[in-house]
Ligand SMILES: Cc1cc2nc3c(=O)[nH]c(=O)nc-3n(C[C@H](O)[C@H](O)[C@H](O)COP(=O)(O)OP(=O)(O)OC[C@H]3O[C@@H](n4cnc5c(N)ncnc54)[C@H](O)[C@@H]3O)c2cc1C
């Protein structure tokens with residue numbers, strides 16, 4: 001069948017296998033030709049080719065909740081459970097996941113494999129910082145439990161390891177109690193990139209923060225943006241029983257890619273910024289609309305047309321973040337290629353996982369429809385990112401070169417050494433891992 005990630009680029013022809021249960025998964029591994037590439041796949045919401053290979057193993061059948069500890073606020077569940085399902089269980093108890101990405105539809109396995117981050121990385125770290133332990137099925141069929149203290153090297157390689165160490169079967173997650181599942185949101189307008197950075201710094205004690213940026217604004221208006229801050233609050237005195245709900249809008253078909261051009265993007269970005277001038281500066285919103293605004297629009301990836309789109313997400317260390325992001329925005333606006341969704345976040349300390357993306361600095365994410373000339377622009381952006389000591393996010397990537405990857409992830413060799421020990425035939429490999437040089441070396 002034809003398979004792709006959320007960005008719908010690239011599309012590959014793959015054999016998609018969804019085992020019925022755990023024993024059929026084990027049999028499948030045992031009967032696998034070691035020379036065939038195989039990669040686990042959760043909800044398929046990584047943008048590019050990290051969950052693509054000749055053979056793809058679906059994990060959604062692992063949708064069990066095996067233990068819940070009301071006192072310690074922990075849940076053990078299968079890797080195919082979605083964060084939405086977890087939140088449904090947690091929110092009536094007054095609990096919340098310590099870290100959520102921009103969509104609740106991702107699976108626990110996908111969240112661990114990409115070590116996803118949210119709007120609170122600057123204070124709370126990434127998803128795997130709250131994973132107490134996980135069970136992994138290795139290429140040789142062995143089941144192994146690992147955590148920060150038990151088999152820590154395997155844990156550090158699996159968290160953020162993009163499915164290359166084995167198949168995550170189950171995980172125990174630490175939840176947190178929150179005063180309420182509603183969010184007190186403050187919206188702050190920044191008229192320039194400098195002002196946006198200043199607002200992030202001044203508000204760094206805020207639990208959640210994320211900025212929407214007008215990526216096409218130039219000159220003094222470059223980087224004009226709206227910074228959204230958030231705090232959990234209890235406004236209802238009763239906890240919602242069914243929360244959140246699924247999308248209520250849908251994009252029914254692929255829009256013609258020609259609708260997205262520098263004119264329409266400029267128009268959208270300017271109108272959005274202007275509208276925010278008159279919007280309330282403080283309001284209370286439900287957590288769904290604060291954390292997962294796009295989940296309300298089913299198939300929004302069709303907005304970018306049939307040929308799909310790419311997300312470019314980079315991390316730039318604090319020192320030089322302003323200059324680098326200013327240079328990137330300059331190149332993007334000059335090229336007239338931009339997106340509705342340009343997002344800037346302040347990030348906190350890195351953890352010890354070998355391939356995790358987050359680290360201290362700022363992360364910028366830009367969406368681009370796939371079109372001729374795009375890769376040349378993105379290569380120019382790569383050069384800026386590397387010049388400032390940054391890196392690109394594997395979960396969003398569909399094209400970065402081996403050199404760009406290796407420069408951004410200095411622990412890649414340690415990862416490959418461990419992989420050679422646990423997967424000597426290189427059974428687990430994705431199109432992405434081959435491209436960035438993480439797996440051909442093993443094969
Ligand atoms: C609208 C949107 C918003 C997003 N916002 C954010 C954000 O704010 N922050 C952020 O960090 N990310 C964000 N992402 C990216 C997303 O969180 C990650 O790509 C995540 O990995 C997707 O999970 P998935 O279940 O769809 O995994 P897939 O896309 O299916 O797979 C992703 C990777 O995980 C591996 N994997 C999946 N399941 C398993 C398993 N059981 N065992 C081992 N490996 C496995 C795959 O092999 C692959 O390498 C966003 C994505 C979208 C579409």
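Bear in mind that the values in this text are calculations on the coordinates, not laboratory data. Just so it is clear, the model here is predicted, and its values are computed rather than measured. In this analysis, Cβ positions are derived from the backbone assuming ideal geometry, glycine residues included, and neighbour counts consider all displayed protein chains.
Kirkwood hydrodynamic radius for the chain: how many Å is it when counted over pairs of different Cα atoms?
About 22.2 Å for the chain.
Please check which bits of the range 408-443 a label hung off residue 350 would reach, taking the label as a point 7 Å along Cα-to-C-beta and the cut-off as backbone N under 20 Å.
408-419, 433, 436-439
Multiply the residue gap between residue 18 and residue 387 by 0.36 nm, knock off their C-alpha separation, and tell me the result in nm, one decimal place.
That works out to 128.6 nm of additional length.
Find the Rg to Rh ratio for the range 40-93, where Rh is the Kirkwood radius over alpha-carbon pairs and Rg uses the same atoms.
Here Rg/Rh amounts to 1.09.
Return, for the Cα atoms of the range 138-224, the radius of gyration and Dmax in Å, separated by a comma.
Cα-based Rg and Dmax for the range 138-224 come out at 21.0, 58 Å.
How big is the range 1-96 by the Kirkwood estimate over distinct Cα pairs, in Å?
15.1
Taking R0 as 30 Å, what FRET efficiency do you get between residue 201 and residue 272 from their Cβ-Cβ distance, rounded to the nearest 0.05?
In this case the efficiency is close to 0.80.
What relative contact order, as a whole-number percentage, does the range 1-141 give when Cα pairs under 8 Å and 6 or more residues apart are counted?
20
Only Cα pairs within less than 10 Å get springs; with that Gaussian network setup on the chain, which residue of 161, 219, 305 has the largest fluctuation?
Maximum among the listed residues: 219.
Taking the Cα-to-Cβ direction at residue 299 and at residue 11 and moving 7 Å from each Cα, how far apart do the two end points lie in nm?
Between residue 299 and residue 11, the simple spin-label model gives 1.4 nm.
Distance between Cα centroids, the range 359-423 to the range 277-316: provide it in whole Å.
Here the answer is 23 Å between Cα centres.
Which order results if 95, 300 are arranged by neighbouring Cβ count within 10 Å, fewest first?
In order of increasing Cβ crowding within 10 Å: 300, 95.
Summarise the long-distance tail of P(r) for the range 77-145 by giving the % of C-alpha pairs beyond 15 Å.
56
Work out how much length residue 283 to residue 340 would gain on full extension: take 0.36 nm times their residue separation and subtract the Cα-Cα distance, in nm to one decimal.
Full extension from residue 283 to residue 340 adds 18.2 nm.
Which log10 I(q)/I(0) values does the range 182-400 give at q = 0.07, 0.10, 0.11, 0.13 Å⁻¹ under the Debye formula, counting every alpha carbon as one identical point scatterer?
Ignoring solvent entirely, the Cα scatterers give -0.23, -0.47, -0.57, -0.81.
Please find, in a Gaussian network model of the chain (springs between Cα atoms separated by less than 10 Å), the residue of 40, 293, 98 whose mean-square fluctuation is greatest.
Between 40, 293, 98, it is 293 that shows the largest mean-square fluctuation.
Roughly how compact is the range 251-371, stated as its Cα Rg over 2.2 N^0.38 Å to two decimals?
1.21
Only Cα pairs under 8 Å and at least 6 apart count here; give the relative contact order of the chain as a rounded whole percent.
19
With a 10 Å cut-off between alpha carbons and a GNM built on the chain, which of 357, 22, 61 moves the most?
Sorting by GNM fluctuation, first place goes to 22.
Summing -39500 (n - 2.57) over the DSSP H runs of n ≥ 4 in the chain and dividing by its residue number, what mean residue ellipticity at 222 nm do you reach, to the nearest 500 deg cm²/dmol?
Calculated at 222 nm, the ellipticity per residue is -7500 deg cm²/dmol.
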